[in-house]
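Written below as structure tokens is the structure these notes are about.
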Amino acid sequence: MTLKKAIKILDWLIEQETTRAEGFVDPKHSWNQGFDCMKDLAKSLSDSIQNEVEVLQMLRKELVPNCKHPKKMQDVDSNGNRYCMNCNMDL
């Protein structure tokens, strides 16, 4: 698996988890209407998922380097794909 694919998967996972966390606190759902204990449980679950999303975003930040891909550090692999030798990112 290339780094580019791993970042795509991580982005997808962040998006899915964010949607799920927002779904728990959506006031249109039945569990957010009436019962305070259900509302509190949904909020707790949403907060827990948001914490996981923050961890995934930190991982993404570590995977995506802050590299400008200088011309002297670019190379071509055997398949003809360009990549940066500094950060190993496909260009």
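Computed from the coordinates by the stated procedures, all read-outs in this text should not be read as laboratory data. Note that this is a predicted model, so its numbers are computed, not measured. All Cβ positions, even for glycine, are placed from backbone atoms using ideal geometry, and neighbour counts span all protein chains on display.
Pick from the range 35-56 the residues that are exposed (fewer than 14 other Cβ atoms within 10 Å of the Cβ) and under 16 Å from the mean Cα position of the chain (by Cα): which of them is farthest from Val25 (Cα to Cα)?
Filtering first and then ranking leaves Val55.
For the subset of the range 5-49 comprising residues that are without any contact (Cβ under 8 Å) to a residue 24 or more places away in the chain and among the β-branched types (Val, Ile, Thr), which member is farthest from Val64 (Cα to Cα)?
In this case the residue turns out to be Val25.
Please state which of the following conditions Asn88 fails to meet, knowing it meets all the rest: (1) in contact with a helix residue (DSSP H, G or I) (Cβ under 7 Å, 6 or more places away or on another chain); (2) surrounded by 12 or more Cβ atoms within 10 Å (Cβ to Cβ).
(2)
Of all residues in the range 35-89, how many are in a helix (DSSP H, G or I) and closer than 24 Å to Trp12 by Cα?
Result for the range 35-89: 22.
If you check Leu91 against the conditions, is it under 19 Å from the mean Cα position of the chain (by Cα) and under 16 Å from Thr2 (Cα atoms)?
no
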